[in-house]
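What follows is a short report on a single structure.
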Amino acid sequence: MDAPGVWVAKDDGGEIVRATAIDGVGIDYDGNITARLGHGEGATVTLAHSDRHPGGHPPGDFHRQLIRIIAQLSDASGAFLVRPVHDEVHGWQWLTEQL
């Protein structure tokens, strides 16, 4: 494994990808947040499924929030995990934890 870095998890924790493997992120018409991976054959990972949570769609800039967090953490020392969470009080958020 390379030096510590930033990792991004799906909302259910089922997959974790290295942030440097992500070529792009987007939000589809259903409000799902997807990441396009650069390695492989154009694979995509759905990071946040809006239909799994009764609170509705993530905010319209949720994918841009992820990019900002990754950029900020890329300068930090250590390894970090970023994951989307939803709760009834705060709605959708990106949680960051040091590994």
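The values are calculated or read from the model by the stated rules, or taken from the named source; none is laboratory data. Not measured: the values here are computed from a predicted model. Here the Cβ positions follow ideal geometry from the backbone for every residue, glycine too, while neighbour counts run over all protein chains shown. For accessibility, only protein heavy atoms count, side chains too; no ligands or nucleic acids. Shrake-Rupley method; radii C 1.70, N 1.55, O 1.52, S 1.80 Å.
Between the helical axis of 62-74 and the dominant principal axis of the chain, each derived from Cα atoms, what acute angle in degrees is found, rounded to the nearest 10?
20
Could you give the dipole magnitude of the stretch 8-99 about its Cα centre, charging the beta-carbon of Lys and Arg +1 and that of Asp and Glu -1, in debye to the nearest 20? Intermediate values should be presented prior to the final figure.
Working: 7 positive and 13 negative charges, 50 e Å.
With only Lys, Arg, Asp and Glu charged at Cβ, the dipole is about 240 debye.
How large is the accessible surface of Val89 in square angstrom, using a 1.4 angstrom probe and rounding to the nearest 10?
130
Per 0.36 nm of contour for each residue apart, how much would the distance between Thr96 and Asp61 grow if the chain were fully extended, relative to their Cα-Cα spacing?
10.9 nm
Along its principal axes, what span do the Cα atoms of the chain show, with the longest given first and each in whole Å?
38, 32, 22
As a check on your grasp of the helix formula, calculate [θ] at 222 nm for the chain: sum -39500 (n - 2.57) over DSSP H runs of n ≥ 4, divide by the residue count, round to the nearest 500.
So the helix-based figure for the chain works out to -4000 deg cm²/dmol.
Tell me, what % of the accessible area of the chain is carbon and sulfur with a 1.4 angstrom probe? Let's see the in-between values first.
Values: 2930 of 5930 Å².
So the carbon and sulfur contribution to the accessible surface is 49 percent.
What number comes out for accessible area per residue over the chain if the probe is 1.4 Å? Units Å², please.
Computed with neighbouring chains in place, this is 60 Å² per residue.
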